[in-house]
Amino acid sequence: MTIPTTGPFPHLIGNFQPLVEWQAAWLDGLMQAQKLQLEMLSAWRSPLAMNQELFDQWIAHFGGGVPIDG
């Protein structure tokens, strides 16, 4: 990420360029970690719903009735 060096103080912007690049890299890593966490959460949501559906079908067949959701 580069910051334009135009403006009233272009020499000051150039001095802070490494700091800004470090912050951008850190934020990018943080966003990638959060994206990975959300992907993992969505991957777990599907098997849990499938497990609940299979359990409900088992209860309906062998338990003699429709399960009551709590």
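The values are calculated or read from the model by the stated rules, or taken from the named source; none is laboratory data. Please read all numbers here as calculations on a predicted model, not as lab measurements. We place every Cβ from the backbone using ideal geometry, glycine too, and count neighbours over all the protein chains shown.
Numbers for the structure displayed
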read-out: Test: residue in the range 60-67 that is surrounded by 10 or more Cβ atoms within 10 Å (Cβ to Cβ), modelled with pLDDT of 80 or more and of a type in the set (F, W, Y); value: no
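Conditions tested, residue by residue: (1) assigned to a helix (DSSP H, G or I); (2) modelled with pLDDT of 75 or more; (3) surrounded by 10 or more Cβ atoms within 10 Å (Cβ to Cβ).
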| site | (1), (2), (3) |
| --- | --- |
| T2 | no, no, no |
| P18 | yes, yes, no |
| Q23 | yes, yes, yes |
| D28 | yes, yes, yes |
| S42 | yes, yes, no |
| S46 | yes, yes, no |
